[in-house]
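Right, one structure below, let's go through it.
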Amino acid sequence: MDRLSSLSRFKGMCPYLGRTKQSTLRSLCTATSPKYPTLNKLTEKATQCPVLGPVLSVRSKQVVAGYASLAGTADVKKIHEQKGVHLPDNAASADISMCPHASAAARAARMAEDLAAAKRKAAAKAAHAGQAKGDATAAAAAAAGCPFHAAAAEASKAPKKQAKPGLFDYEKFYNEEIEKKHKDASYRYFNNINRLAKKFPIAHTSDPKDEVEVWCANDYLGMGNNPVVIETMHRTLDKYGHGAGGTRNIAGNGAWHLGLEAELAALHRKPAALVFSSCYVANDATLATLGSKLPNCVFFSDSMNHASMIQGIRHSGARKVIFKHNDLQDLEAKLASFPKDTPKIIAFESVYSMCGSVGPIKEICDLADKYGALTFLDEVHAVGLYGPRGAGVAEHLDFQAHLAAGQSPAPIPGTVMDRIDIITGTLGKAYGAVGGYIAGSTEFVDMIRSYAPGFIFTTSLPPVTVAGAHASVRYQMEWMGDRKLLGLNVRALKKRFAERDIPVVPGPSHITPVLVGDAALAKDASDYLLAKHDIYVQAINYPTVARGEERLRVTITPRHTQEQMEKLVDAVDDTFNTLGIKRLQDWKALGGRAGVGLPDDQVKPIKDIWNDEQLGLLDGSAPKQLRAGEKHYVDQRAVMVTRSRFEKLLGKVEEAPKLRAGAPLGLVDARATAAAATVVAAAA
Ligand SMILES: Cc1ncc(COP(=O)(O)O)c(C=O)c1O
């Protein structure tokens, strides 16, 4: 393990490190410093140590020279002459991406800078701590925070779990499994990101003062802090407390759960719906139950399906046939190879979350009709975002019919949404809450309710969460403005990336995947954006995407301002330059990757899900993109309708006179609104 071995070089210098457990060292040195991405946590913290700090300082000065000496100047020069590469004098400058040697030197220089910055920060912290505690020296205070001290103390306290001879060594097993992840570059690093409700889309890292812009969250509309959602949750929490009290079978089933299920059924114009603790659970439990109950059931599963569906199918024990992503010919050939009367389920998604492609829903319904299959559609990345009421892509495909039908819960025969047998969705993404659900026929839902262990044997969601989710769903059913604005922002962002030759995997949805094409580079890019630009975009690597298709998955919201968008595009551009990441033209020259830069004859035209007319671009009704300092619009009518759904349980909300006479709710701070609202008690 590279990092571990390089750190062990420092080991002899520290009286404490010698006693530190290997596993503690491993966890410290595999976690990346959120602020200095070229460093691991151990190295960053070590700058605070009185022994190692000075050593690292010297090392930071040597490091550029060290890297440069690796290659041998004469050799490098020769290669450069052969390849026609001319390096600027300053090896760390931004225009050296074409040269691997110069890029390595640039990385080394960044590491040196990071070390120096970490050291400066540690010194400042130590001085501060020294003053605060009245310690004799700042160094003593720094020593108190040294991870080696902490690790050594922890190691001496923790009981040592060593396998007895002849017995299975569990710790060794865990270590070996983790090692595999490091080896195939699929080890996951979680960033410490704390999204701030009042500053959306800003979050802080582990340090509450260190703020960053979030560009990859699935709270696609910012509903996690919508005023009416927060208000409803505050009121519910005060009246009903926190936990649900049990499973749905035992004390955990109430008006909140039933109310949300009725709303979700109405949203999809289906007779029934059922809420689960997440959509992962909903998909897993539903597919596992269906597949194990239906006699000789065969699943037809899109090759890009989410892990929750894959697991559900696996748990069912039923036969599975995988069809090529969105490939109707392949699906039909596979369906046709089974007898017509065999029970079949086609499991697929509307919006595929990592590439942003969209399933051919109508055409799959046609095949299902022809071959007698059930359709199971995951609308997780579409609910709240598409359709006039936010029911998803299936609703969007018959936009006018659904718009005209208003909020009637009755099915509209012949529409795509009506033809889908089972729809699943999440409350955890565009609705900004947590939870998942299925919607379908009364009998189907009742069967899952009665048999699915993942539904039955778990504590139900707390009323406060259900209330927040319900408020969010209803608000979005009433107000289309957020998803229209999202549609406009997505278009603008993709256009800005294209202008800078930044490769975006083409697709008709809101997902904006920026292709990097290399696991280490993708992580470096994400780290660099965070450290240099205070921008958080998570790198997506194998196994979530195929090797060589690693990417930064960018998600814009209606709440990002135009200035933030410009900053992001500049920052990504700088990241591509600094790290030497391939541009769209580079992929074109290579024949394309992940749909990026394909030869012209292979490019299929892509139409955005939201068309110009639906976005209001033809009649001038399109919402206005936000500028810095402007407040996001909250629709007062939608707020009133949403509140009215909860009057029976929570009573009426009477707005303070100031609010009634003043600006619409959309222009009022969420907390102020909640605080100013007077609750008039009503019999529940
Ligand atoms: C396509 C798809 N289905 C299901 C899920 C699970 O949803 P939840 O986050 O509610 O568990 C996800 C989550 O990312 C997903 O991407």
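The values are calculated or read from the model by the stated rules, or taken from the named source; none is laboratory data. None of these values were measured; they are calculated from a predicted model. Because the Cβ atoms are built from the backbone with ideal geometry, glycine has one as well, and the counts that use them run over all protein chains shown.
For region 200-303, please list each of the helices (runs of 4 or more DSSP H) lying entirely inside it that holds at least 1 residues being more than 16 Å from the ligand (Cβ to nearest atom), free of Cβ contacts under 8 Å to residues at least 24 places away in the same chain and not assigned by TED's automatic domain parsing to the domain that holds A404.
Once the helices (runs of 4 or more DSSP H) in region 200-303 are filtered for at least 1 residues that are more than 16 Å from the ligand (Cβ to nearest atom), free of Cβ contacts under 8 Å to residues at least 24 places away in the same chain and not assigned by TED's automatic domain parsing to the domain that holds A404, what remains is 227-240, 255-267.
Which of the residues that make up region 160-186 are outside any helix (DSSP H, G or I), free of Cβ contacts under 8 Å to residues at least 40 places away in the same chain and not acidic (D, E)?
If we filter region 160-186 for residues that are outside any helix (DSSP H, G or I), which is where we start, we get 160-169, 184-186.
The next check asks that each one be free of Cβ contacts under 8 Å to residues at least 40 places away in the same chain; those that pass are 160-169.
K160, K161, Q162, A163, K164, P165, G166, L167, F168 - these are the residues of region 160-186 that are outside any helix (DSSP H, G or I), free of Cβ contacts under 8 Å to residues at least 40 places away in the same chain and not acidic (D, E).
For the condition more than 16 Å from the ligand (Cβ to nearest atom), touching a Leu at 6+ places or on another chain (Cβ under 6 Å) and in a helix (DSSP H, G or I), what is the one hit in E363, E395? Outline the logic, then answer.
Values: E395 fails: touching a Leu at 6+ places or on another chain (Cβ under 6 Å).
Just a single option satisfies the conditions, and that option is E363.
Is it the case, given these coordinates, that D534 is on the phi > 0 side of the Ramachandran plot, touching a residue at least 12 places away in the same chain (Cβ under 8 Å) and charged (D, E, K, R)? Before you say what the answer is, go through the steps one by one.
Working: on the phi > 0 side of the Ramachandran plot: yes; touching a residue at least 12 places away in the same chain (Cβ under 8 Å): yes; charged (D, E, K, R): yes.
Taking the combined requirement at face value, the residue satisfies it.
Sort out which residues of region 368-391 are in contact with a strand residue (DSSP E or B) (Cβ under 7 Å, 6 or more places away or on another chain) and either away from the ligand (no atom under 15 Å from the Cβ) or part of a loop (DSSP other than H, G, I, E, B) (or both), and write them in order of number.
Residues satisfying the conditions are A368, Y371, G372, A373, L374, T375, E379, V380, H381, A382, V383.
Restricting to region 304-325, count the residues that are within 29 Å of T458 (Cα to Cα) and away from the ligand (no atom under 16 Å from the Cβ).
Number satisfying all stated conditions: 5.
I'd like to know if region 401-418 contains one or more residues that are within 16 Å of the ligand (Cβ to nearest atom), crowded, with 22+ Cβ neighbours inside 10 Å and either in contact (Cβ under 8 Å) with a residue 60 or more places away in the chain or β-branched (V, I, T) (or both).
Kept after step one, since they are within 16 Å of the ligand (Cβ to nearest atom), are these residues of region 401-418: none.
No: region 401-418 contains no residue that is within 16 Å of the ligand (Cβ to nearest atom), crowded, with 22+ Cβ neighbours inside 10 Å and either in contact (Cβ under 8 Å) with a residue 60 or more places away in the chain or β-branched (V, I, T) (or both).
Using the structure shown, decide if G432 is within 16 Å of the ligand (Cβ to nearest atom) and within 27 Å of M447 (Cα to Cα). Walk me through how you get there before you give the answer.
Details: within 16 Å of the ligand (Cβ to nearest atom): yes; within 27 Å of M447 (Cα to Cα): no.
Against the criterion (within 16 Å of the ligand (Cβ to nearest atom) and within 27 Å of M447 (Cα to Cα)), G432 does not qualify.
Picking from V464, V473, which residue would you name as being surrounded by fewer than 24 Cβ atoms within 10 Å (Cβ to Cβ) and assigned to a helix (DSSP H, G or I)?
Numbers: V473 fails: surrounded by fewer than 24 Cβ atoms within 10 Å (Cβ to Cβ).
Going through V464, V473 in turn, just one is surrounded by fewer than 24 Cβ atoms within 10 Å (Cβ to Cβ) and assigned to a helix (DSSP H, G or I): V464.
For region 610-637, which residues satisfy the criterion of being closer than 16 Å to K495 by Cα and either in contact (Cβ under 8 Å) with a residue 24 or more places away in the chain or touching a Cys at 6+ places or on another chain (Cβ under 9 Å) (or both)?
Passing the criteria: W610, Q625.
As an exercise: evaluate A498 against (1) farther than 30 Å from H632 by Cα; (2) away from the ligand (no atom under 16 Å from the Cβ); (3) assigned to a helix (DSSP H, G or I); (4) in contact with a helix residue (DSSP H, G or I) (Cβ under 8 Å, 6 or more places away or on another chain) and give the number of the one condition it does not meet.
Of the numbered conditions (1) farther than 30 Å from H632 by Cα; (2) away from the ligand (no atom under 16 Å from the Cβ); (3) assigned to a helix (DSSP H, G or I); (4) in contact with a helix residue (DSSP H, G or I) (Cβ under 8 Å, 6 or more places away or on another chain), the odd one out for A498 is (1).
Quick check on my filter: what residues within region 483-523 are surrounded by fewer than 19 Cβ atoms within 10 Å (Cβ to Cβ) and among the aromatic types (F, W, Y)?
none
When you go through (1) free of Cβ contacts under 8 Å to residues at least 12 places away in the same chain; (2) surrounded by fewer than 18 Cβ atoms within 10 Å (Cβ to Cβ) one by one for I322, which number turns out not to apply?
Status for I322: all satisfied but (1).
Report, by residue number, each residue of region 326-352 that is assigned to a loop (DSSP other than H, G, I, E, B), within 13 Å of the ligand (Cβ to nearest atom) and farther than 13 Å from F376 by Cα. Walk me through it before giving the result.
To start, the set of residues in region 326-352 that are assigned to a loop (DSSP other than H, G, I, E, B) comprises 326-327, 337-343, 350, 352.
Subsequent filtering for residues that are within 13 Å of the ligand (Cβ to nearest atom) retains 350, 352.
Within region 326-352, just Y352 meets the criteria.
I need the full set of residues from region 430-447 which are surrounded by fewer than 24 Cβ atoms within 10 Å (Cβ to Cβ) and not in a loop (DSSP other than H, G, I, E, B), in order please.
Correct list: T442, E443, F444, V445, D446, M447.
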